[in-house]
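Colleague: Structure in structure tokens, see below.
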There are 2 protein chains.
Amino acid sequence: MYRTATCGELRISDVGKAVTLAGWVQRSRKLGGMTFIDLRDRYGITQLVVEADAPAELVETATGLGREFVIQVKGEVVERSSKNAKMPTGDIEIRVNTINILNKSLTPPFTIEDQSDGGEDLRAKYRYLDLRRNPLKKALELRHRIAHEVRNYLDSKGFLEIETPYLIKSTPEGARDFVVPSRMNPGQFYALPQSPQTFKQLLMVAGYDRYFQIVRCFRDEDLRADRQPEFTQIDCEMSFVEQEDVLNMFEGMMRTLFKNVLNVEIANPIPRMSWYDAMDNYGSDKPDIRFGMTIHEITSLAQGHGFGVFDGVPYVGAIAVPGAAEYTRKQLDELTEWVKRPQVGAKGLVYIKLNPDGTVKSSVDKFFSEEDLKAIAAAVEAKIGDLVLVLCGEKRKTQTQLGVLRLEMGGRLGLRKPDEFAPLWIVDFPLLEWSEEDGRFYAMHHPFTAPKPEHMEWFNSDKKEDLERVCANAYDFVLNGNELGGGSIRIHEAAVQERMFEVLGIGKEEADYKFGFIINAFKFGAPPHGGLAFGFDRTCALFGGQETIRDYIAFPKNNQGRDVMIDAPSLIDQVQMDELCLASTVKTDA
Amino acid sequence: MYRTATCGELRISDVGKAVTLAGWVQRSRKLGGMTFIDLRDRYGITQLVVEADAPAELVETATGLGREFVIQVKGEVVERSSKNAKMPTGDIEIRVNTINILNKSLTPPFTIEDQSDGGEDLRAKYRYLDLRRNPLKKALELRHRIAHEVRNYLDSKGFLEIETPYLIKSTPEGARDFVVPSRMNPGQFYALPQSPQTFKQLLMVAGYDRYFQIVRCFRDEDLRADRQPEFTQIDCEMSFVEQEDVLNMFEGMMRTLFKNVLNVEIANPIPRMSWYDAMDNYGSDKPDIRFGMTIHEITSLAQGHGFGVFDGVPYVGAIAVPGAAEYTRKQLDELTEWVKRPQVGAKGLVYIKLNPDGTVKSSVDKFFSEEDLKAIAAAVEAKIGDLVLVLCGEKRKTQTQLGVLRLEMGGRLGLRKPDEFAPLWIVDFPLLEWSEEDGRFYAMHHPFTAPKPEHMEWFNSDKKEDLERVCANAYDFVLNGNELGGGSIRIHEAAVQERMFEVLGIGKEEADYKFGFIINAFKFGAPPHGGLAFGFDRTCALFGGQETIRDYIAFPKNNQGRDVMIDAPSLIDQVQMDELCLASTVKTDA
């Protein structure tokens, strides 16, 4: 035992006790011959004091301590003369008798403080030092707590956590697989799972009617900001259920998490919104409903006034930004440039100011009378003092642009409060998405999602417009504008699954090759089933009030998929390549 | 909701209730016009009855049901006339009003019974059907329960579960890595972790003083029986601890598991045995101490009697098999052949029978007087009626052979009871193992295991005999002759780690390349730390009273590393190969 107490637990009631502490030197300072040392461990910081009249050797040791030295001290808990109310241990300090240096430390390349002076790259390289900082420690503690609460909840509901394999088969539908060459089966490869989707469905076929797993998944994508090649899901599936059962079960889980982890009561019931309403009113399938500012279609009001830009498009939509009528010309110009950035992609921006004095000012005054403009403002539910922002073009595209603009304005107005949690279910997704580029349908969720029973006639039709309006019993869990999870009721009948592959243009041979085992499994008594998966990294980040996941993963990779701390990936020995019957085709400059 | 009750929960007190059940048709039979159906789900079996006078359509549906059809039935709970005390639901049956066939099933290729008629290969191919069988369901339920109890225990002790990455760096020390080509870093590879060893040590450097993880690990080994290329560990590490702290913590975990999962009280405290004693007395570093029959060295008693076989070797050892003096000549011949098999490798077998009449009979009567033989018998603690079995040769090799013979005799005598649990800590392992073949030392555990502080002088010596007697603060958890886990106190000082690499013949450059990041991390204030890992698959199997792990893994691979259900590994597209800048060097017959 290197310690009798942690650095976070001693209080005024412990005064007089002889204790042994161990930890890291956060800082030390001399003050009138006395040496004060802040000793840190996972649990907190305790102040140590070496008196001026302590043995010379002890004073010398204390004086020689550098930042991040690991030490063990013995001493007595004494009451502080100047207390620090900000620290849980701030009423006491340790009058030190002995210091045992357990390990020295080089000077760390950045400060181990809540706000470090180290840049992102440097901190990534020395991740083990960055992880000593309080915000990261709190993030990993939160992650542990959430995982534990998830498991307790699901265990209490009769779910079994069942581990599915990581070395599986490559099924190049969707994102790219990471693959693993097999030495024992030369020329062949395993794939790392993008999700345990097929295995959890096989578990349903096997009769394990309540399955879950907190599981790593892998996707070899070109990394966008805040994507990781490996990520963690809370993966769940249930049998003999309808959509309502699944939503209730996981609404209960989320409610329990918010209550037990954050002591927050979320809406009960969690509101539901159809995908169509979400797109029409929020321009997003993951709306942030912490604030209003919804999108309104004004096509009929906007057209027929001789303004060619509006007249030549299928859709005109607008939002009313509360209290923003005072926006200056300069601010409006900046906003116009902002929506024209490729990330938003609008052609231009029309505004209508509802001035506090009752007048109306717009960038299209030339074409619209004050009455026309007021009619539009009324349709958008704008009030005096608001700023109406109008975009136009192809319907879904314009709605999406308005959705992005809405989030931006919500952010600028401080309406997206990090400590407010507004969960939402999105339901009634279209089953299929038509790709103009590829001239084929893709599954909006994945090829195992079931069409709604009442839409089977359309599903079996050969007409594109019929197929386009088939809805799925699919659902996404959305929190504050982020999709945290999603799932669906699955296809459990072999004939429906075969039709689905047909619709997706996956030939029988290809389907057999890629999904033969699951198609076959469905012939042996597959029960009705459905489930969902939550992105665990993002769930943790949002619970922590952060938008980026990187601090909620102990050892993340950078945007090039590299772990710069261990320097992976890396070259491997030729012997290994030979054993795997592989040759590199990379051209070198040698 | 497809059901109001499961197939395992209805009792006599539910008689009269209208219920809806869903599940699989286990079997159905006609009896005097009535149709009886056993309906099965994860929770049990409930008997359904369709009366002879039921509507014709219902009778017809019931008659047409095949094995493993998925059905939903509505009916009334009624008391059975002939009760079945073996079934929890055996007092009742459901008088069925409606049957809704949710899914048909092809006839399964083997019976879904506790004892199936399917061979291993067939059941592996249809694993999702095999998983419907009771023994496998119980195995996976047990696995879930153990994992949950482990997490609850460690959480209650302040451990954090922290996920470490799966895409790491290849470090070809020890077993072979599975590697993953990186598309974004052409020509480079990730490796899948053989264990999170370095990451958990980095977490200790980072100050997370109580870490654990139930985590998948990967080893590309030629598969021996009951080895899997991917397997699961309970991986743990603690800081500011000595060996005693680690042993106490995980002794507590095991005690809690046995109590909460099996309601078994294990020995308190769990006995400890030095590696040397284990080898000397049991011929194994994982002794089965459910029975005695320990090994005794009889070299001095055996030599000098003119029996050349004994006189020419450094070691003679023996065990006393209780009550086996009645072994016939034939049985002894068979046993002699058994020890000469290459799996045991003995040259021959000498026996001494202590006959019930007080006489002694031995295969070496010619060289030993009755008194000599009785002296040997006394040294081996043999009693009247026992059979003494003697092997000789090189010391550790012979002890190992005697250990294997001891287990065999224990098995034959029924002394290895599956419902008896005899845990044991093995301690004081040698730090290093000399390989005659390679002319170098290998780490007995791994290169991060610390030498005992009191052996540092030997560790710093250049003499082989000094290095050979250095012990480690390493420990294994052994249960019924199986190593379930092991670990050690780690090296936390950079200088000691460098010396370790030197002893292992790992050059500075190689060490920097392979372990640079951890050597570097240790320079920034590494705390004293240690930990261990348990093999989770085997833990589950032994708790379930089984020796093989395959049934405790939902989707295991076969001895060729194949998943025959999904047919993985498999060929991948040329496009994928090209993207990864890889070419196969496999020669084909095309």
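The values are calculated or read from the model by the stated rules, or taken from the named source; none is laboratory data. Source: prediction; values computed, not measured. Please note: Cβ atoms are built from the backbone with ideal geometry, for glycine as well, and neighbour counts cover all protein chains shown. Just so you know, the surface numbers come from the protein's heavy atoms only, side chains and all, with ligands and any DNA or RNA stripped out. Shrake-Rupley method; radii C 1.70, N 1.55, O 1.52, S 1.80 Å.
Colleague: Run the accessible area of region A:291-412 with a 1.4 Å probe and give the carbon-and-sulfur part as a rounded percent. Write out the running numbers ahead of the final one.
Modeller: Working: 3050 of 5700 Å².
Answer for region A:291-412: carbon and sulfur cover 53 percent of the accessible area.
Colleague: Let me ask something additional. Which value, in debye to the nearest 20, gives the size of the charge dipole of the protein assembly as shown about its Cα centre, when Lys and Arg are +1 and Asp and Glu are -1 at the Cβ?
Modeller: 1160 debye
Colleague: Another question, if that's okay. Please give the length that would be gained between A:ARG396 and A:GLU420 if that part of the chain were fully extended, namely 0.36 nm times their separation in residues minus their C-alpha to C-alpha distance (nm, one decimal).
Modeller: Working it through step by step, the gained length comes to 5.8 nm.
Colleague: 222 nm [θ] for the protein assembly as shown, helices only, -39500 (n - 2.57) per DSSP H run of 4+, per residue, to 500?
Modeller: Calculated mean residue ellipticity at 222 nm is -8000 deg cm²/dmol.
Colleague: May I ask you to derive the FRET efficiency for B:GLU79 and B:SER156 from their Cβ-Cβ distance with R0 = 51 Å, giving the value to the nearest 0.05?
Modeller: 0.65
Colleague: What is the mean number of Cβ atoms from other protein chains located within 10 Å of the Cβ atom of each residue in peptide A:34-41, rounded to a whole number?
Modeller: Numbers: counts 0, 0, 0, 0, 0, 0, 1, 5.
The shielding value for this peptide is 1.
Colleague: While we're on this one: Show the residues, 5+ positions off or on another chain, whose built amide H is closer than 5 Å to the amide H of B:ARG27.
Modeller: Those qualifying (amide H under 5 Å, at least 5 residues apart or on another chain) are B:ASP38.
Colleague: So with the 1.4 Å probe, I'd like the accessible area per residue for the protein assembly as shown, rounded to whole Å². Please report the intermediate quantities before stating the final value.
Modeller: Details: 47830 Å² over 1180 residues.
Normalised by residue count, the accessible surface of the protein assembly as shown is 41 Å².
Colleague: Give me the summed buried accessible area for the A-B pair, 1.4 Å probe, to the nearest 100 Å².
Modeller: Values: alone 29610 and 29650 Å², together 47830 Å².
About 11400 Å² of accessible surface is lost on pairing.
Colleague: Are there trypsin sites (Lys or Arg not before Pro) in region B:182-291 that DSSP puts in a loop and that have at most 13 other Cβ atoms within 10 Å, and which ones?
Modeller: Passing sites in region B:182-291 are B:ARG224.
Colleague: Now for a different question. Counting other Cβ atoms within 10 Å, which GluC sites (Glu not before Pro) in region A:288-340 have at most 11 and lie in a DSSP loop? Present the calculation step by step, with values, prior to reporting the outcome.
Modeller: On the way: sites: A:GLU297, A:GLU326, A:GLU334, A:GLU337; in loops: A:GLU326.
Counting only loop positions with at most 11 other Cβ atoms within 10 Å, the GluC sites (Glu not before Pro) in region A:288-340 are A:GLU326.
Colleague: Where a ≥ b ≥ c are the square roots of the eigenvalues of the C-alpha gyration tensor, would you call region B:291-412 rounded, which needs a/c under 1.5, or, failing that, prolate if a/b is larger than b/c, or oblate?
Modeller: Rounded is the answer for region B:291-412, as its axis ratio a/c remains below 1.5.
Colleague: If r is the Cβ-Cβ distance from B:ALA175 to A:GLN331 and R0 is 60 Å, what FRET efficiency results, to the nearest 0.05?
Modeller: The value I calculate is 0.40.
Colleague: List the aspartates and glutamates whose Cα sits under 13 Å from the Cα of B:LYS361, skipping any in the same chain fewer than 8 residues away.
Modeller: B:GLU326, B:GLU370, B:GLU371, B:ASP372, B:ASP386
Colleague: I've got another one for you. Evaluate the charge dipole of chain B about its Cα centre and quote only its size in Debye, nearest 20, assuming +1 on the Cβ of each Lys and Arg and -1 on the Cβ of each Asp and Glu.
Modeller: Here chain B has a charge dipole of around 1680 debye.
Colleague: If you take the charge dipole of chain B about its Cα centre, with +1 on Lys and Arg Cβ and -1 on Asp and Glu Cβ, which of B:SER584, B:ILE270, B:PRO418 is farthest toward its positive end?
Modeller: B:PRO418
Colleague: Would you give the gap between the C-alpha center of region B:268-310 and the C-alpha center of region B:342-359, rounded to a whole Å?
Modeller: Each part's Cα centre sits 16 Å from the other's.
Colleague: Any idea how far apart B:ASP117 and A:ASP573 come out in nm if each label point goes 7 Å out from Cα toward Cβ?
Modeller: About 5.2 nm separates the two model spin labels.
Colleague: A:ASN268 to B:ASP226: FRET efficiency via 1/(1 + (r/R0)^6), r the Cβ-Cβ distance, R0 56 Å, to the nearest 0.05?
Modeller: Step by step, r from the Cβ atoms, then E = 0.65.
Colleague: Just to check I understand the Karplus step: with θ = phi - 60° and J = 6.51 cos²θ - 1.76 cosθ + 1.60, what whole-Hz values come out for region B:12-23, glycine and proline as x?
Modeller: For region B:12-23, the Karplus curve yields 4, 6, 8, 4, x, 6, 8, 10, 10, 10, 9, x Hz.
Colleague: In terms of modelled amide H atoms, which long-range or inter-chain residues lie less than 5 Å from the amide H of A:LEU484?
Modeller: Counting only residues 5 or more places away or on other chains, the set is A:PHE477, A:VAL478, A:LEU479.
Colleague: Turning to a different aspect of this structure: Once the label point is set 7 Å along the Cα-to-beta-carbon vector, what list of distances in nm do you get between B:ASN558 and its counterparts in the other copies?
Modeller: 4.5
Colleague: If each of B:THR63 and B:ASN558 carries a label point 7 Å out from its Cα toward its Cβ, how far apart are those two points in nm?
Modeller: Distance between the two pseudo-spin positions: 4.2 nm.
Colleague: Quick check: the angle from helix B:395-412's long axis to the longest principal axis of chain B, C-alpha only, nearest 10 degrees?
Modeller: For B:395-412 against chain B, the angle is about 30 degrees.
Colleague: On the protein heavy atoms, probe 1.4 angstrom, tell me the percent of accessible surface of region B:12-103 carried by carbon and sulfur.
Modeller: 51 percent
Colleague: Same structure, new question: Restricting to Cα pairs below 8 Å that are 6+ residues apart, what does the relative contact order work out to for region B:386-487? Please round to a whole percent.
Modeller: Over region B:386-487, the number comes to 27 percent.
Colleague: Mind listing which GluC sites (Glu not before Pro) in region A:407-467 are in a DSSP loop and have 15 or fewer other Cβ atoms within 10 Å? List each step's numbers first, then the result.
Modeller: Numbers: sites: A:GLU408, A:GLU420, A:GLU433, A:GLU436, A:GLU437, A:GLU454, A:GLU457, A:GLU465; in loops: A:GLU420, A:GLU436, A:GLU437.
Counting only loop positions with at most 15 other Cβ atoms within 10 Å, the GluC sites (Glu not before Pro) in region A:407-467 are A:GLU420, A:GLU436, A:GLU437.
Colleague: How far is helix B:243-257 tilted off the main Cα axis of chain B, in degrees rounded to 10, range 0 to 90?
Modeller: So the helix axis and the longest Cα principal axis differ by about 30 degrees.
Colleague: Moving to a separate point now. Among the listed pairs A:LYS417/B:LYS523; A:LYS169/B:LYS104; A:LYS508/A:LYS587; B:LYS200/B:LYS463, which are separated by more than 31 Å between their Cα atoms?
Modeller: Correct reply: A:LYS417/B:LYS523; A:LYS508/A:LYS587; B:LYS200/B:LYS463.
Colleague: Could you tell me whether region B:141-279 comes out rounded, prolate or oblate from its Cα gyration tensor? Rule is a ≥ b ≥ c as square roots of the eigenvalues, rounded for a/c under 1.5, then prolate if a/b exceeds b/c, otherwise oblate.
Modeller: Prolate.
Colleague: Report, ordered by chain and residue number, the lysines lying within cross-link reach of B:LYS464, taken as a straight Cα distance under 18 Å and ignoring same-chain residues fewer than 8 apart.
Modeller: Within reach: B:LYS452.
Colleague: Where a ≥ b ≥ c are the square roots of the eigenvalues of the C-alpha gyration tensor, would you call the protein assembly as shown rounded, which needs a/c under 1.5, or, failing that, prolate if a/b is larger than b/c, or oblate?
Modeller: On the way: a/c = 2.05, a/b = 1.33, b/c = 1.55.
Cα axes put the protein assembly as shown in the oblate bin.
Colleague: Okay, moving on. Once the label point is set 7 Å along the Cα-to-beta-carbon vector, what list of distances in nm do you get between B:GLU437 and its counterparts in the other copies?
Modeller: Listed shortest first, these distances are 5.3 nm.
Colleague: Contact order normalised by length for chain B, with contacts defined as Cα pairs under 8 Å and 6 or more residues apart; what percent is it?
Modeller: Relative contact order of chain B: 13 percent.
Colleague: Taking a label point 7 Å from the Cα of A:LYS366 along the Cα→Cβ vector, which residues of region A:296-316 have an amide N closer than 11 Å to it?
Modeller: Label zone hits: A:307-309.
Colleague: Further, regarding this structure: How much length is gained on full extension from A:GLU468 to A:THR107, taking 0.36 nm per residue of separation minus their Cα-Cα distance?
Modeller: 123.7 nm
Colleague: Whose amide H sits under 5 Å from the amide H of A:PHE441, counting only residues 5 or more places off or on another chain, with H placed in the peptide plane?
Modeller: HN-HN under 5 Å from A:PHE441: A:SER435.
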